[in-house]
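Novice: Below are the structure tokens for one structure; questions will follow.
The values are calculated or read from the model by the stated rules, or taken from the named source; none is laboratory data. Worth saying up front: this structure is predicted, and the values here are computed from it rather than measured. Ideal geometry is used to build each Cβ from the backbone, glycine not excepted, and the neighbour counts take in all protein chains shown. To get the accessible areas, we keep the full protein, side chains included, count just its heavy atoms, and leave off ligands, DNA and RNA. Shrake-Rupley method; radii C 1.70, N 1.55, O 1.52, S 1.80 Å.
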Amino acid sequence: MARPVVAIVGRPNVGKSTLFNALAGERISIVKDTPGVTRDRIYADVSWLNYDFTMIDTGGIEPDTKDIILSQMREQAQIAIDTADVIIFLVDVKQGLQDSDSKVADMLRRSHKPVVLVVNKVDSFERDMADVYEFYNLGIGDPIPVSASSRLGFGDMLDKVTEYFPEPSENEEEDDTPRIAVIGKPNVGKSSLINKLCGEERVIVSDIAGTTRDAVDTRVRYNHKDYIFIDTAGLRRKSKIKEDLERYSIVRAVASVEKADVVIIMIDATEGVTEQDAKIAGIAHERGKGIIICVNKWDAIEKNDKTMKEHETKIRQILSFMPYASILFISVKSGQRLGKIYETIDAVIENNSMRIATGVLNEIVSEAVALQQPPTDKGKRLKIFYTTQVAVKPPTFVIFVNEKYLMHFSYVRYLENRIRDAFGFEGTSLKFIIRERKENE
């Protein structure tokens with residue numbers, strides 16, 4: 001089941017980033033007493049009891065502002081609201097109930113999403129509770145007092161948030177149809193690709209970046225197999241925003257990647273790999289999805305016999321953290337190599353779900369150790385007792401060793417390369433867990 005998405009929204013300077021950082025367990029968002037510091041949505045994976053979810057920090061909502069930065073932040077916050085399964089609406093007990101809070105509450109009511117009203121900066125529950133009750137006037141539920149800076153009241157808040165998460169049904173049959181998310185910057189051709197693969201106009205296509213408002217799941221049958229394509233949304237509405245336009249795709253990508261088995265990362269061949277492409281690719285990599293890089297608009301590139309190799313080298317350099325990714329050079333407009341996509345999807349799904357027998361796996365690891373001795377430190381050498389695969393999607397391996405600190409990441413990378421040489425695993429990341437055990441166990 002995909003992780004639920006929780007968005008923290010509210011006016012500027014009510015403590016959203018402080019709350020986000022406290023829940024995420026690290027300082028991810030910039031915190032400063034100036035409205036508008038958090039201009040981008042930031043996301044993090046959070047665990048509470050038996051629940052895992054993705055949390056989004058947003059810029060503040062100023063409903064009536066004409067300030068360009070605040071209006072862009074309002075646009076981002078609206079996208080986060082559209083994307084979220086549950087919304088934390090944060091208000092400030094020290095500032096009291098503001099007219100802007102009521103306008104934000106109206107916006108949240110129109111979203112028809114579950115909303116948890118949280119009153120921040122309640123450093124003393126005894127002293128401040130009378131002021132907390134004022135927020136009942138928003139008509140959006142019971143206010144929950146917290147202090148983000150002191151980390152007070154989080155349990156009650158998260159208990160309420162997780163009440164809205166869907167419970168996995170034991171009787172519900174899992175749909176094992178492969179799900180493919182198509183992600184990338186706005187206007188790179190995501191919707192056009194899905195339309196071509198579907199053979200019909202299922203998703204609105206326009207030259208204006210951001211015309212796809214919501215994520216759309218499209219079921220396709222090809223060569224007697226079913227696939228579900230997830231088209232990630234761009235902007236909520238056509239906007240004049242230019243320099244910040246690319247930032248809006250991140251959270252949509254997170255939500256879509258969570259639901260997918262394979263992720264197609266679309267890159268514009270005329271632009272090459274941008275920083276935004278790398279960020280989006282990193283989301284899929286971190287979550288261990290099968291990955292295909294589709295370089296679109298290949299027909300618009302002047303070519304010689306070295307052009308494709310040169311482009312692939314540049315892509316591999318910038319996306320060096322995912323050397324396993326499959327790369328296809330396509331043109332959605334002309335249909336060039338689109339037939340190769342289904343073939344690659346099938347191969348990546350197979351690799352992402354591949355299991356290796358423990359005996360065979362340990363033969364490969366033993367050969368690798370014989371060819372390159374494990375590292376030593378202060379006269380003590382790393383010993384690898386055995387390796388076993390414990391999961392798929394992504395393939396996950398546990399390596400039992402004498403001392404974890406001796407297992408340098410470069411040696412893990414070496415072992416990974418040897419395993420890939422033996423079994424392929426193209427298009428999927430591999431995860432390694434290092435465990436200690438005593439020699440006589």
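Novice: Modelled with pLDDT of 75 or more and assigned to a loop (DSSP other than H, G, I, E, B): does that describe residue 176? Spell out the reasoning first.
Specialist: Working: modelled with pLDDT of 75 or more: yes; assigned to a loop (DSSP other than H, G, I, E, B): yes.
Yes; evaluated as a whole, the condition is true for this residue.
Novice: Examine the stretch 228-238 for a residue that is touching an Asp or Glu at 6+ places or on another chain (Cβ under 6 Å), surrounded by fewer than 18 Cβ atoms within 10 Å (Cβ to Cβ), hydrophobic (A, V, I, L, M, F, W, C) and modelled with pLDDT of 85 or more, and state whether such a residue exists. Full working, then the answer.
Specialist: Quick first cut of the stretch 228-238, residues touching an Asp or Glu at 6+ places or on another chain (Cβ under 6 Å) only: 228, 230, 233.
Then drop every residue that is not surrounded by fewer than 18 Cβ atoms within 10 Å (Cβ to Cβ), which leaves 228.
Now narrow it down to the ones that are hydrophobic (A, V, I, L, M, F, W, C): 228.
If we keep only those that are modelled with pLDDT of 85 or more as well, we get 228.
Yes, some residue in the stretch 228-238 is touching an Asp or Glu at 6+ places or on another chain (Cβ under 6 Å), surrounded by fewer than 18 Cβ atoms within 10 Å (Cβ to Cβ), hydrophobic (A, V, I, L, M, F, W, C) and modelled with pLDDT of 85 or more.
Novice: Which of the residues that make up the stretch 186-200 are open to solvent by 10 Å² or more (accessible area, probe 1.4 Å) and either basic (Lys, Arg) or in a loop (DSSP other than H, G, I, E, B) (or both)?
Specialist: Of everything in the stretch 186-200, those that are open to solvent by 10 Å² or more (accessible area, probe 1.4 Å) and either basic (Lys, Arg) or in a loop (DSSP other than H, G, I, E, B) (or both) turn out to be 186, 187, 189, 190, 196, 199, 200.
Novice: State which residue pairs qualify: first residue exposed (fewer than 15 other Cβ atoms within 10 Å of the Cβ) and inside the stretch 371-390, second residue at pLDDT 90 or above and acidic (Asp, Glu) in any location, beta carbons under 9 Å apart, and separation of 6 or more residues or different chains.
Specialist: Correct list of pairs: 377/403; 380/403; 383/403.
Novice: Within the stretch 291-323, work out how many residues are touching a Lys or Arg at 6+ places or on another chain (Cβ under 7 Å) and either assigned to a loop (DSSP other than H, G, I, E, B) or at pLDDT 95 or above (or both). Step through it out loud before you land on a result.
Specialist: So the first thing to find is which residues in the stretch 291-323 are touching a Lys or Arg at 6+ places or on another chain (Cβ under 7 Å), and the list is 299, 323.
Pick out the ones that are also either assigned to a loop (DSSP other than H, G, I, E, B) or at pLDDT 95 or above (or both) and you get 323.
Here the count works out to 1.
Novice: Just the residues that are open to solvent by 60 Å² or more (accessible area, probe 1.4 Å) and in contact with a strand residue (DSSP E or B) (Cβ under 9 Å, 6 or more places away or on another chain), please, taken from the stretch 149-162.
Specialist: Initially, the stretch 149-162 is screened for residues open to solvent by 60 Å² or more (accessible area, probe 1.4 Å), giving 149-152, 156, 159-160.
Listed by number, the residues that qualify are 149, 152, 156, 159, 160.
Novice: Just checking, how many residues over the stretch 79-132 are free of Cβ contacts under 8 Å to residues at least 60 places away in the same chain, under 30 Å from the mean Cα position of the chain (by Cα) and open to solvent by less than 10 Å² (accessible area, probe 1.4 Å)?
Specialist: Summing the residues that are free of Cβ contacts under 8 Å to residues at least 60 places away in the same chain, under 30 Å from the mean Cα position of the chain (by Cα) and open to solvent by less than 10 Å² (accessible area, probe 1.4 Å) in the stretch 79-132 gives 4.
Novice: Across the stretch 355-364, what is the number of residues that are closer than 25 Å to residue 321 by Cα, of a type in the set (A, V, I, L, M) and assigned to a loop (DSSP other than H, G, I, E, B)?
Specialist: Step one: list which residues in the stretch 355-364 are closer than 25 Å to residue 321 by Cα, which gives 355-356, 361, 364.
Now narrow it down to the ones that are of a type in the set (A, V, I, L, M): 356, 361, 364.
Checking the rest, the ones that are also assigned to a loop (DSSP other than H, G, I, E, B) come to 356.
Residues flagged as closer than 25 Å to residue 321 by Cα, of a type in the set (A, V, I, L, M) and assigned to a loop (DSSP other than H, G, I, E, B) within the stretch 355-364 amount to 1.
Novice: Has the stretch 372-383 got at least one residue that is of a type in the set (S, T, N, Q) and closer than 27 Å to residue 326 by Cβ? Walk me through it before giving the result.
Specialist: Of all residues in the stretch 372-383, those of a type in the set (S, T, N, Q) come to 372-373, 376.
Among the residues that remain, those that are also closer than 27 Å to residue 326 by Cβ are: none.
For the stretch 372-383, residues of a type in the set (S, T, N, Q) and closer than 27 Å to residue 326 by Cβ: absent.
Novice: Quick check, is residue 146 modelled with pLDDT under 75, among the hydrophobic types (A, V, I, L, M, F, W, C) and open to solvent by less than 20 Å² (accessible area, probe 1.4 Å)? Talk me through it step by step, then tell me what you get.
Specialist: Values: modelled with pLDDT under 75: no; among the hydrophobic types (A, V, I, L, M, F, W, C): yes; open to solvent by less than 20 Å² (accessible area, probe 1.4 Å): yes.
No.
Novice: A further question follows. I'd like to check which strands (runs of 3 or more DSSP E) are fully inside the stretch 365-441 and have at least 3 residues that are in contact with a strand residue (DSSP E or B) (Cβ under 9 Å, 6 or more places away or on another chain) and of a type in the set (Val, Ile, Thr). Before the answer, list the steps.
Specialist: Numbers: elements: 384-391, 396-401, 431-436.
In the stretch 365-441, the matching strands (runs of 3 or more DSSP E) lie at 384-391, 396-401.
Novice: Residue 326: open to solvent by less than 30 Å² (accessible area, probe 1.4 Å), more than 23 Å from residue 420 (Cβ to Cβ), under 23 Å from the mean Cα position of the chain (by Cα) and touching a residue at least 12 places away in the same chain (Cβ under 8 Å), yes or no?
Specialist: Details: open to solvent by less than 30 Å² (accessible area, probe 1.4 Å): yes; more than 23 Å from residue 420 (Cβ to Cβ): no; under 23 Å from the mean Cα position of the chain (by Cα): yes; touching a residue at least 12 places away in the same chain (Cβ under 8 Å): yes.
In short, no.
Novice: Restricting the search to the stretch 79-118, which residues are touching a Leu at 6+ places or on another chain (Cβ under 8 Å), of a type in the set (A, V, I, L, M) and modelled with pLDDT of 90 or more?
Specialist: As a first pass, look at the stretch 79-118 and keep what is touching a Leu at 6+ places or on another chain (Cβ under 8 Å): 79, 81, 87-91, 97, 101-102, 105, 115, 117-118.
Remaining after also requiring of a type in the set (A, V, I, L, M): 79, 81, 87-88, 90-91, 97, 105, 115, 117-118.
Selection gives 87, 88, 90, 91, 97, 105, 115, 117, 118.
Novice: Which ones in the stretch 331-370 are among the small types (Gly, Ala, Ser), under 33 Å from the mean Cα position of the chain (by Cα), open to solvent by less than 20 Å² (accessible area, probe 1.4 Å) and closer than 29 Å to residue 397 by Cβ?
Specialist: none
Novice: While we're on this one: Please go through the stretch 286-301 and give me each residue that is within 17 Å of residue 45 (Cα to Cα) and surrounded by fewer than 21 Cβ atoms within 10 Å (Cβ to Cβ), ordered by number. Explain how you work it out, then say what you get.
Specialist: Step one: filter the stretch 286-301 for residues within 17 Å of residue 45 (Cα to Cα), giving 286-289.
286, 287, 288, listed by residue number.
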